[in-house]
Amino acid sequence: MYNLPKLIGHRGVRNLSPENTIESIKLAKKMGLSWVEIDVKVSKDLIPILLHDDSLDRTTTGQGIPLEFNYKYLKNLDAGFFFYNKKTNICIPTLSEVLILSEFYNINLNIELKPNIGFEKENVNAIINVLKTSNFNKKYYFSSFDLNSLVIMKENLPSCRCGLLIDKFNKDISLNDVINISKKYNFFCCGFNKNLINYEIVKKIKNHNLNITIFSEENLSVNEANKLWSMGIDSIFIDDPTEFQLD
C-alpha cells in the first residue's frame, strides 16, 4: 500500500487560517505537516483555483459560482475576511501558485477534485494541463466525492493515484460498491466520514489492500486520532494539529 502520513492538513489548517489559501498552506508546513489537502475547481476562463464550496459566498467577499467569473475578477476577492472578520489581502490562489509554493516548501498534496456539476471534464483537463506544464515533483494524489471526475482523471493520467470519498452509505452506494469501484478503476485508497468507520469496515477495506483516510466536520482530538490509527486508519485530515506531536 502507498505510504501516507498519519495527518494531512485539511484545506491547509482551516481552523487556524483561512482555508484553501497560501497563508493556510504555509502555516500547515510551519506546524510540521508534510501533506496538505486542497480543493480545486475552475473559473470561467478554466483556470484551476482553490475553493471548497460550489459558490463563493461563504469563504470570499464574492457571490455566485466561480464559473460565472474569470480569474482576473476572482483574484480581487477577499478570501480572508470570513475568517478574520476584517479586510485582508488574502486572495483565492490558483493551483499553479500552490504547486510553486509546495515545490519550494517541500509540501505534498492531496488534490480534491471539486467540479461544478456538468463541468467535471473541464475541471479535470484544466488541472492536468497545469500539472503537465509545472515543475512540480512532490508527491500528490487525487480524491473526490464525484466518481465521474476520478474516472476522467484515470483515463487521462492512468498512472495517477486516486481515492474515492464517501460521506454516507445509501441505496446508491454500499461498502461493497466502494470496494468494487476501487478495484475496477485501480484506486489506491478510500476516504470515509469518521461517523461511518468501524473495525468491520476497516478489516474489509484492508483485505483489498486499500489505504483508508478519514475526514470529519470537526477537528479530531489526539485521543480520537489514536483510536482511529489503532483500528488501522492510515491518514486523518486535521483542521488544527496543535495538540499533536509532529516530527
Among residues of the stretch 105-138, those that are under 20 Å from S34 (Cβ atoms) and either of a type in the set (D, E) or surrounded by fewer than 16 Cβ atoms within 10 Å (Cβ to Cβ) (or both), counted:
7
Scan the stretch 162-177 and report the pairs whose first residue is among the aromatic types (F, W, Y) and whose second residue is surrounded by fewer than 16 Cβ atoms within 10 Å (Cβ to Cβ), with Cβ atoms within less than 7 Å and a gap of 6+ or a chain change.
F169/L196
Step by step: first the residues of the stretch 220-247, then only those that are among the hydroxyl-bearing types (S, T, Y) and out of contact with any Leu (no Cβ under 6 Å at 6 or more places or on another chain), then the one that is least open to solvent (accessible area, probe 1.4 Å). Which residue is that?
S221
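Looking for something farther than 30 Å from I212 by Cα, of a type outside the set (V, I, T) and surrounded by 23 or more Cβ atoms within 10 Å (Cβ to Cβ) - is there at least one such residue anywhere in the stretch 57-68? Show your work before the answer.
Quick first cut of the stretch 57-68, residues farther than 30 Å from I212 by Cα only: 57, 60-68.
Narrowing the set further to residues that are of a type outside the set (V, I, T) leaves 57, 62-64, 66-68.
From what's left, surrounded by 23 or more Cβ atoms within 10 Å (Cβ to Cβ): 66.
Checked against the condition, which is being farther than 30 Å from I212 by Cα, of a type outside the set (V, I, T) and surrounded by 23 or more Cβ atoms within 10 Å (Cβ to Cβ), the stretch 57-68 yields at least one hit.
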Quick one: what pairs do we get from the stretch 115-127, first residue farther than 14 Å from K154 by Cα, second of a type in the set (S, T, Y) and assigned to a helix (DSSP H, G or I), C-beta under 6 Å, 6+ apart or different chains?
P115/S149
Mind listing whichever residues of the stretch 19-45 are surrounded by fewer than 16 Cβ atoms within 10 Å (Cβ to Cβ) and in contact (Cβ under 8 Å) with a residue 60 or more places away in the chain?
G32
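Among the residues of the stretch 56-108, write down those that are on the phi > 0 side of the Ramachandran plot and under 20 Å from the mean Cα position of the chain (by Cα). Steps first, answer last, please.
To start, the set of residues in the stretch 56-108 that are on the phi > 0 side of the Ramachandran plot comprises 64, 85, 106.
Within the stretch 56-108, just N106 meets the criteria.
Please determine whether any residue of the stretch 170-183 is surrounded by fewer than 16 Cβ atoms within 10 Å (Cβ to Cβ) and closer than 24 Å to L109 by Cα.
If we filter the stretch 170-183 for residues that are surrounded by fewer than 16 Cβ atoms within 10 Å (Cβ to Cβ), which is where we start, we get 170-174, 176-177, 180, 183.
Those left that are additionally closer than 24 Å to L109 by Cα: 183.
Looking for residues that are surrounded by fewer than 16 Cβ atoms within 10 Å (Cβ to Cβ) and closer than 24 Å to L109 by Cα, one finds at least one in the stretch 170-183, hence yes.
Considering the stretch 145-169 alone, what residues qualify as being touching an Asp or Glu at 6+ places or on another chain (Cβ under 8 Å) and either open to solvent by less than 40 Å² (accessible area, probe 1.4 Å) or polar (S, T, N, Q) (or both)? I'd like the intermediate steps shown before the answer.
Initial filter on the stretch 145-169 (touching an Asp or Glu at 6+ places or on another chain (Cβ under 8 Å)): 145-146, 148-149, 152, 165.
Hits for the stretch 145-169 are N148, S149, I152, L165.
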Determine, yes or no, whether E217 is surrounded by fewer than 18 Cβ atoms within 10 Å (Cβ to Cβ), under 16 Å from the mean Cα position of the chain (by Cα), on the phi < 0 side of the Ramachandran plot and among the acidic types (D, E).
yes
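The values are calculated or read from the model by the stated rules, or taken from the named source; none is laboratory data. Keep in mind that this is a model prediction, so the values were computed, not measured. Positions of Cβ are backbone-derived with ideal geometry, glycine not excepted, and every protein chain shown enters the neighbour counts. These area figures cover heavy atoms from the full protein model, side chains too; ligands, DNA and RNA do not enter into them. Shrake-Rupley method; radii C 1.70, N 1.55, O 1.52, S 1.80 Å.
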